[in-house]
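S.K.: The structure under discussion is supplied below as structure tokens; questions concerning it will follow.
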Amino acid sequence: MSPHLVLAHGFTQTARSWDPLRPVVTDRMPSCSFAAVDLPGHGESAARDGDLWVAADHLVERGGHGVYVGYSLGGRVALHAAVAHPDSVDRLVLIGATAGIDDEHERAARRAADEELAARIERDGVESFIDWWLRNPLFAGLDSSIDQRDDRLRNTAVGLASSLRSCGTGTQEPLWDRLGELRTPTLVLVGAEDQKFRDLGERLVAELVDAELVVVPDAGHSVHLEQPGATVDAIADWLRR
């Protein structure tokens, strides 16, 4: 088996954020190929704008047919790609992801919070924002050796603010009621110490037609950075079934 992995990064990251996993994947799946994509507002796609459906089109255009692996923001984009382009998404791996916020009042509050964050980036600049962002308890499992700060600093204030406004979970129309349409086999990966996304992962698996949940020990939200070996092992084992 020679899977083609299409990799979608999280907010403030770039396509390069997957580089640490490449040697691990090559060791576990020697014939595997990769397409890591800069999502709109990030990296080489910093000037590109659009909502999650536009981001999904962008991901498929650059990724082609394969196994779509998305982390956080990238997981939401990959999920949209599976809904919009089922013939391109052979399998789906969601890492620390959600189908959105289905409570209207919670979504409105998150939209307002995302707007505040976007304004903060524009006001304070990328470096100040990234240093503040990485202090978020969500990323407590990332120390300076794996937090990819330098790569995150390659992003622009305009691009990150645009991503929040166009692709944030506050703006996203939730996809929970469409999960039953998906026939794409899906692996949901969550960190054992990330309770919020463990709960969301359990809900995803319950509502998807063909899905499996794997909880990775000793990991928080950034499962693939905190436990790259366990992450790749889980994906490789699942793909062999």
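The values are calculated or read from the model by the stated rules, or taken from the named source; none is laboratory data. These numbers come from a predicted model, not from an experiment. As a convention, Cβ positions derive from the backbone with ideal geometry for all residues, glycine included, and neighbour counts pool all protein chains shown. Surface accessibility is based on the protein's heavy atoms, side chains included, excluding ligands, DNA and RNA. Shrake-Rupley method; radii C 1.70, N 1.55, O 1.52, S 1.80 Å.
S.K.: Under a Cβ-only charge scheme (Lys and Arg +1, Asp and Glu -1), can you give me the dipole magnitude of segment 6-49 about the Cα centre, in debye to the nearest 20? Before the final figure, lay out each step's value.
M.R.: Working: 4 positive and 5 negative charges, 24 e Å.
Rounded to the nearest 20 debye, it is 120 debye.
S.K.: Could I ask something else about it? Could you tell me the calculated FRET efficiency between H4 and D150, based on Cβ-Cβ distance and R0 = 25 angstrom, to the nearest 0.05?
M.R.: About 0.35, to the nearest 0.05.
S.K.: Which one of P217, G41, F197 is farthest out on the positive end of the charge dipole of the chain, using unit charges on Cβ (Lys, Arg +1; Asp, Glu -1) and the Cα centre as origin?
M.R.: The residue sitting farthest along the positive end of the dipole is G41.
S.K.: At 1.4 Å probe size, with the rest of the protein present, what percent of the exposed accessible area of segment 155-233 is carbon and sulfur atoms?
M.R.: C and S fraction of accessible area: 50 percent.
S.K.: Going toward the positive end of the dipole of segment 79-121, with +1 on Lys and Arg Cβ and -1 on Asp and Glu Cβ, which of A113, I95, A82 do you reach last?
M.R.: Towards the positive end, the residue furthest out is I95.
S.K.: Right, another one. If the elastic network links every pair of Cα atoms under 10 Å, which of V67, V158, V93 fluctuates the most in the Gaussian network model of the chain?
M.R.: Between V67, V158, V93, it is V158 that shows the largest mean-square fluctuation.
S.K.: Further question: Please report the carbon-and-sulfur percent of the accessible area for segment 1-85; probe 1.4 Å, protein heavy atoms only, DNA, RNA and ligands left out.
M.R.: Carbon-and-sulfur percentage of accessible area, whole number: 50.
S.K.: So, with +1 on the Cβ of K and R and -1 on the Cβ of D and E, and no other charges, what is the size of the charge dipole of segment 164-241 about its Cα centre, to the nearest 20 debye?
M.R.: 220 debye
S.K.: What length, rounded to one decimal in nm, is gained on full extension from H105 through to D27, with 0.36 nm per residue of separation minus their alpha-carbon distance?
M.R.: 23.5 nm
S.K.: Further question: Quick one: go through segment 85-118 and flag any residue whose amide nitrogen is under 20 Å from the point 7 Å out along the Cα-to-Cβ line of D51.
M.R.: 85-86, 98-116, 118
S.K.: Would you mind computing Rg(Cα) / (2.2 N^0.38 Å) for segment 67-203, counting N as its residues?
M.R.: Dividing the Cα radius of gyration by 2.2 N^0.38 Å gives 1.10.
S.K.: Once you charge only the Cβ atoms, +1 for Lys and Arg and -1 for Asp and Glu, what is the size of the charge dipole of the chain about its Cα centre, to the nearest 20 debye?
M.R.: 360 debye
S.K.: Next question, about the same structure. Counting each DSSP H run of 4 or more residues in the chain as -39500 (n - 2.57), what helix-only mean residue ellipticity at 222 nm follows after dividing by all residues, to the nearest 500 deg cm²/dmol?
M.R.: So the calculated ellipticity at 222 nm is -13000 deg cm²/dmol.
S.K.: Roughly how many Å² is the accessible area per residue of segment 145-241, as a whole number, for a 1.4 Å probe?
M.R.: 42 Å²
S.K.: Determine the distance separating the Cα centre of segment 93-169 from the Cα centre of segment 14-85; give it in Å without decimals.
M.R.: Each part reduced to its Cα centre gives a spacing of 17 Å.
S.K.: Next up: Arranged from highest to lowest average of other beta-carbon atoms within 10 Å per residue, in what order do the peptides 25-36, 177-188, 221-232, 48-59 appear?
M.R.: The densest-packed peptide leads the list: 221-232, 48-59, 177-188, 25-36.
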